[in-house]
Each structure stands twice: as C-alpha cells, then as structure tokens.
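Novice: Pasting a structure here, questions to come.
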Amino acid sequence: MIRGLLALLSCCAVLGAQTPDGRPVRLAIAGLVHGHVSGFLKAAKLRKDVEIVGVFDPDAGLTASYAKANGFAPEILFQDLGTMLDRVHPEAVATFTSTGDHAMVVEACAARKIAVMMEKPLAADNAQARAIQKAADASGIAVMVNYETTWYKSHGEMWKLIHDQNAAGEIRKMVAMDGHQGPKEINVQPEFFSWLTDPVKNGAGALFDFGCYGANLMTWMMGNQRPIAVTAIAQTNKPGIYAKVDDEATILVQYPKAQGIIQASWNWPYGRKDFEVYGEKGYAIATGGDGLRVRLPGQRAEETRNPGDLAPAERDSVTYLTGMARGKFKPSGLNSLENNVIVVEILQAARDSVKTGKKVAIAAR
C-alpha cells in the first residue's frame, strides 16, 4: 500500500500540469472514512491542474481533522453531500466512503451530471452495483473504480504479452495473491477499521477487501467474460480482532476453458499484490508494480523483464480522473464499470458459496 502511494505521488508530481484552457479541474471529495484518501489528497494537492473545491463527510470531527491536516478553508467543508455538490459545482468527485455507500454517491452525482471515481470494489452486493450502473447509464456520466494495481507497469506489460502478442497462447489458469497482515496489524485509521470489519458496509472481510483485486484482473484478462461458476471458502483466524468478518478467503472462478484462483488474506506475513497468468504455451508472473517474470515458447528458462512505462494518461488515478472529467476518454479496462459489475457478481457469488458450502452458478445474461 505504501509503495503504491509513493508511486502515485511521484507520478502526479511529474504529470501535474495546467490544463490547455488554463482552468484546473474542479474536484470534490465525497467521504473521508477510506484510509486511501490521505494519499490521494497529497497527490492532488501537488498538481496545478486540479483544484479541490469541496470536501464532504457526515462526521464533522473527521472533516475538521482533515481540514487541519490539509489546510482546507472552512467554506469548502460539508456534512451533506447534496449541499456540497449544488454549492461548489465540481466536475468530478473522488469517493472515499465505505463500499456500501458508493451507490448513494453515484446516484447523487448522476442527478447532477458529475463524473465519479470510487475506491475498489464497486459495491457491496449486486443490487448496489446494478443501481450504480443504472444511474450512470441514465445520466451518461463516467464512473471509474480505482485499484492500485491498475497503475502497475507489470500488468501493462503482461497485457501486451498475453493479449497483444498472444505469446503464451489461450489462458488456462490465473492465480492472484493479495493482502497484508490485517487492517489492525498495519494500523489503519479507526474510521477505516470500523467499516472494513462491518459485513454490511464492506460486503465481507478479506473476501471483499482483497478478493476484488483478483476478480478485477481476471475479468480484465478474460476480456470481460463472465465466469460460469464460483466456489469459495473463508474463515476467521483472528476472531478476537475480526469477530464479524472473515480474514482469510480462497475463491475459485470457473470459466469454460480456464480457472482462476484468488487468495485474499489479512494473514500474509507481509503485504503482497501478485498475479500469475498461465497459457497453453507459456506464463507471466507479476510481482508488485514493477516485477515481471516470464517463460515463453523457445525459452529454456524463466527470465525477468523490465516492464515499459504505461501511457501518460494511465499512470495514476488523479490523471485518469481529470482526463475522464474533461471528456478526453471513457473508463476502460480495469477501472471500467463493465468490468467491475462482473467483479461484484464474482464477490457476491463467493460470499454465497461460503454461506452455503456449495458452488454458485453465475446466471447467463
């Protein structure tokens, strides 16, 4: 997590520049209970092409704390979302509420034709995901879901190898390993810990918090193909800390000719975000943002590669969001709404499988 935030700050410091017409993008913040908001605010404040015009959270004490830390003027602080949107007229909203509140934010922004970004995952259940999709489609607003792993050079290079070059043949197996020692163990903020350990606001525990990364990457690699079934197990190894949610989960995602294995955990001895893709003829293994190991046809042994840079507009969330707000492009790939509606389908099916102990079929559309 820290490595990702440092990379984001570095990218934004380099890429931040005045917009062509001289006007910075008017950006508002909806919610302060997601711990990633701190890094996002630091990145946004470094830029000349972004102006933070409003900050909303229903907790006045939390809002005051962030205002003091970031030098926000009292007139841009709000405890009501609708009032903020109507008063400051943002072009884009970056959302840092609980996952369960994402639909509320999107619906409010859709009514006012404002582009929205939220932290992963999209929603806590399928009903919320469909409500977000319905609001976005009806209003025509752009909606993007921010994952740290979207901005990994290793994943960009993996896409080129697996899809653009078809270097490994058709995908047969994918393995995602995501997580850390646990929210309490890495000392997340109290307001963040409170909803992460709430099964309604978060959707589950590690199953949703880190299972979403693998579901997102696998859906991307499979060209937004919906799986045919999901099987999952989850457990709580530390009930004294995580009494209401799981802290360990494994999800099996079944496709007609491929399988995905998602290992989501609040029990890793260290933080990790690794992704492996195995094709008919070769494989690629991404370890974090820059690490990539491959073995392809004709190679006698595995080799390490240095991934190339992503396109400038695709290197960090702030740049992508501002470009989206100005209509330069629509969300696609990992942060797209299409992908992330499928992600929530996988996560809800996994949660249902844990409860029933059975494989859960994904209904065809």
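Novice: As an exercise, use a Förster radius of 30 Å and the Cβ-Cβ distance of A67 and A364 to find the FRET efficiency, rounded to the nearest 0.05. Please list the in-between numbers first.
Specialist: Working: r = 49 Å, r/R0 = 1.64.
Taking R0 as 30 Å, the efficiency between A67 and A364 is 0.05.
Novice: Something else now. Net charge near S353, counting Lys/Arg +1 and Asp/Glu -1 over other residues with Cβ under 14 Å of its Cβ? Walk me through the numbers before you get to the answer.
Specialist: Details: positive: R351, K355, K358, K359; negative: D246, E345, D352.
Its environment carries a net charge of +1.
Novice: Additional query: Once you keep just the Cα pairs under 8 angstrom separated by 6 or more residues, what percentage relative contact order results for the chain? The partial results should precede the final answer.
Specialist: Details: 783 pairs, mean separation 71.4, N = 365.
Worked out over the chain, it gives 20 percent.
Novice: Could you provide, to the nearest whole Å², the per residue accessible area of the chain with probe 1.4 Å?
Specialist: Working: 15170 Å² over 365 residues.
That works out to 42 Å² for each residue.
Novice: Let me ask something else. Take the solvent-accessible surface of the protein heavy atoms, probe 1.4 Å, and return the percent of it on the chain that carbon and sulfur atoms account for. Working shown, then result.
Specialist: Details: 7890 of 15170 Å².
C and S fraction of accessible area: 52 percent.
Novice: Would you compute, from DSSP H runs of 4+ residues alone, the mean residue ellipticity of the chain at 222 nm, taking -39500 (n - 2.57) per run and dividing by the full residue count, rounded to the nearest 500? Mind dumping the intermediate values first?
Specialist: Details: 12 runs with 123 residues, N = 365.
Only helices count here, giving -10000 deg cm²/dmol.
The values are calculated or read from the model by the stated rules, or taken from the named source; none is laboratory data. All values reported here derive from a predicted model rather than from experimental measurement. Counting neighbours? That spans all protein chains shown, and the Cβs are built from the backbone with ideal geometry, glycine included. Surface accessibility is based on the protein's heavy atoms, side chains included, excluding ligands, DNA and RNA. Shrake-Rupley method; radii C 1.70, N 1.55, O 1.52, S 1.80 Å.
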